[in-house]
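K.L.:
My questions all concern the structure below.
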Amino acid sequence: AVLASMRAFVDTVQDGTWRGHTGKRIRDVVNIGIGGSDLGPAMAATALEADWAPGLRGHFVSNLDGAQIAGVLGRLDAATTLFVVASKTFSTQETLANAQSARRWLVDALGDEAAVARHFVAVSTNEERVRAFGIDPQNMFGFWDWVGGRYSVWSAVGLSVALLVGMDAFEDFLAGAHAMDEHFAQAPWPDNLPVILGLLGVWYTDFFGAQSHVVLPYDWALRLLPAHLQQLEMESNGKRGRLDGTPIDVDTCPIVWGGPGNNGQHAFYQLLHQGTRLVPADFLVARESRVPVSGHQPAVLANAFAQTEALMRGRTQDEAYDELRAGGYSTEDAHRLAPHKVMPGGRPTTTIGYDRLTPEILGALVALYEHKVFVQSVIWDDNPFDQWGVELGKRLAGRMLGEIEAGEAGPHDPATAALLARVLRMRAGD
Ligand code: G6Q
């Protein structure tokens, strides 16, 4: 039912039947959300940018610092802007603050409270709060309240993606994920991609002591995938307790990080090749770019495979010495420099290759990592679907906000008390 109402809405926005308050077509879609209500949709929309409907642009606002929303709104025309407020609970401080600011901006610009109905829709499980915010529940798209944010891009949380790429492409994205679900459920374990990825991760974490895992897309479209996987893996398996509450006595989820591989080569790869830590890496490589430009792709492929080969093979001191001598260095200089050029090799990489990043392939890739997370959670015996660790900070922030606004600090540890006192003095103009 939700997919059908998403389709009806997406179609009317894309074909121009849905008009803004002043009768103009929607040109800009702004997703307001944070965490799972931002990272997945932002990643998927960015990955599929080549498929965005002509004349539509997407923007993602998540951060509490007003600089982000001010920067985005400063470039937009209220009459042609649609806000998608994505919040499962509709009580998240960051999202509500940004949504309120967007609402003020819109009403100021269009001079009419009634404009909200044509420019705001909500993705949420909390109808009451959506209504209280002033969004007609007719314009609310629901999902199951047991879906954790980081697993929710397949639901109505993907509405911004669907608005940009169209509902057919969004359903292709779901179909790709479904194909991976089937593969995970049915493929024998030696051929089962999520099982293989999950086991490799446990192997390097628990038997080689790897502390981190790097994700390196050689596909510009996937530049936000590392941030999405960072949340997916770290919030799911960053746990220290078993399902029965007893402590887990091995390391669980490594620190997941990464970025576009080609850029990383000119920055942090030094540590991957010669640092003291073992950092297993995933290389994501497309045969063809989403936006092919003559002459580029062979170089992209060459760089990706050169890196995985170098990480695996490394370079011995003798090889380094011979290279230096062949490059014209004296025996003395070659002896001095060779130890610095030694690369141990044996650094594990997994290359995930695909033809071209279509919506189906993207769906399959994201589902692959979701199932990987599940495989690991079974081995570590944690609950990958809870996130109690993020609660305490949120609760303290609520209390702290009251103290900052009131200009009076409550009881705190000495370090926090000193920070707060300093800020309160500054805010009071001392
Ligand atoms: C994800 C987390 C978290 C959540 C955000 C936003 O798995 O639970 O990142 O998505 O805190 O929550 P709301 O969607 O309720 O605003």
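The values are calculated or read from the model by the stated rules, or taken from the named source; none is laboratory data. The structure displayed is predicted, hence computed values, not measured ones. Using ideal geometry, Cβ is built from the backbone for each residue, glycine included, and neighbour counts are taken over all protein chains shown.
K.L.:
Mind checking which residues of the stretch 353-402 are surrounded by 21 or more Cβ atoms within 10 Å (Cβ to Cβ) and acidic (Asp, Glu)?
P.N.:
GLU370, ASP382
K.L.:
When VAL291 is evaluated against the numbered criteria (1) outside any loop (DSSP other than H, G, I, E, B); (2) surrounded by fewer than 19 Cβ atoms within 10 Å (Cβ to Cβ), which criterion, by number, is the only one it fails?
P.N.:
Condition (1) is where VAL291 drops out.
K.L.:
Mind checking which residues of the stretch 294-339 are of a type in the set (A, V, I, L, M, F, W, C) and either exposed (fewer than 14 other Cβ atoms within 10 Å of the Cβ) or modelled with pLDDT under 95 (or both)?
P.N.:
Selection gives ALA299, ALA302, ALA306, MET312, ALA326.
K.L.:
Take the residues in the stretch 82-119 that are part of a strand (DSSP E or B) and either surrounded by fewer than 24 Cβ atoms within 10 Å (Cβ to Cβ) or among the aliphatic types (A, V, I, L, M) (or both); name whichever of them is nearest to the ligand (Cβ to nearest atom).
P.N.:
Among those residues, the one meeting the criterion is ALA86.
K.L.:
Right, here's the next one. More than 21 Å from the chain's Cα centre (by Cα), on the phi < 0 side of the Ramachandran plot and at pLDDT below 95: is that true of ALA132 in this structure?
P.N.:
yes
K.L.:
Moving on to the next point. All but one of (1) more than 21 Å from LEU365 (Cβ to Cβ); (2) within 16 Å of the ligand (Cβ to nearest atom); (3) in contact with an Asp or Glu (Cβ under 8 Å, 6 or more places away or on another chain) hold for TYR151; state the number of the condition that does not hold.
P.N.:
Result: TYR151 passes all but (1).
K.L.:
Residues in the stretch 245-255: is at least one assigned to a strand (DSSP E or B) and of a type in the set (A, V, I, L, M, F, W, C)?
P.N.:
Yes, some residue in the stretch 245-255 is assigned to a strand (DSSP E or B) and of a type in the set (A, V, I, L, M, F, W, C).
K.L.:
Within the group ALA320, ALA338, which residue is in contact with a strand residue (DSSP E or B) (Cβ under 9 Å, 6 or more places away or on another chain), over 22 Å from VAL214 (Cβ atoms), free of Cβ contacts under 8 Å to residues at least 24 places away in the same chain and among the hydrophobic types (A, V, I, L, M, F, W, C)?
P.N.:
Just one listed residue meets the conditions, ALA320.
K.L.:
Continuing with this model, one more query. Looking only at the stretch 36-53, filter to residues that are in contact with a helix residue (DSSP H, G or I) (Cβ under 6 Å, 6 or more places away or on another chain) and more than 12 Å from SER152 (Cβ to Cβ); which one of those is nearest to the ligand (Cβ to nearest atom)?
P.N.:
Top of the filtered list is MET43.
K.L.:
Something else about it: Residues of the stretch 341-365 being farther than 25 Å from LEU311 by Cβ and aliphatic (A, V, I, L, M), which ones?
P.N.:
Passing the criteria: LEU362, ALA364.
K.L.:
Could you go through the stretch 213-228 and let me know if any residue there is over 19 Å from the mean Cα position of the chain (by Cα), assigned to a helix (DSSP H, G or I) and of a type outside the set (Val, Ile, Thr).
P.N.:
Checked the stretch 213-228: no residue is over 19 Å from the mean Cα position of the chain (by Cα), assigned to a helix (DSSP H, G or I) and of a type outside the set (Val, Ile, Thr).
K.L.:
Also: With respect to ILE32, determine if the residue is farther than 23 Å from GLY259 by Cβ, within 16 Å of the ligand (Cβ to nearest atom) and either in contact with a helix residue (DSSP H, G or I) (Cβ under 7 Å, 6 or more places away or on another chain) or modelled with pLDDT of 95 or more (or both).
P.N.:
So ILE32 fits the description; yes.
K.L.:
Do the conditions hold for LEU56, that is, is it at pLDDT 95 or above, over 15 Å from VAL123 (Cα atoms), surrounded by fewer than 23 Cβ atoms within 10 Å (Cβ to Cβ) and within 16 Å of the ligand (Cβ to nearest atom)?
P.N.:
The answer is no for LEU56.
K.L.:
Now for a separate question. Is it fair to say PRO254 is in contact with a strand residue (DSSP E or B) (Cβ under 6 Å, 6 or more places away or on another chain), over 30 Å from ALA50 (Cβ atoms) and surrounded by 17 or more Cβ atoms within 10 Å (Cβ to Cβ)?
P.N.:
Here the answer is yes, as PRO254 does meet what is asked.
K.L.:
Of LEU224, LEU199, which residue is closer than 20 Å to SER152 by Cα, of a type in the set (A, V, I, L, M), at pLDDT 95 or above and buried (at least 16 other Cβ atoms within 10 Å of the Cβ)?
P.N.:
LEU224
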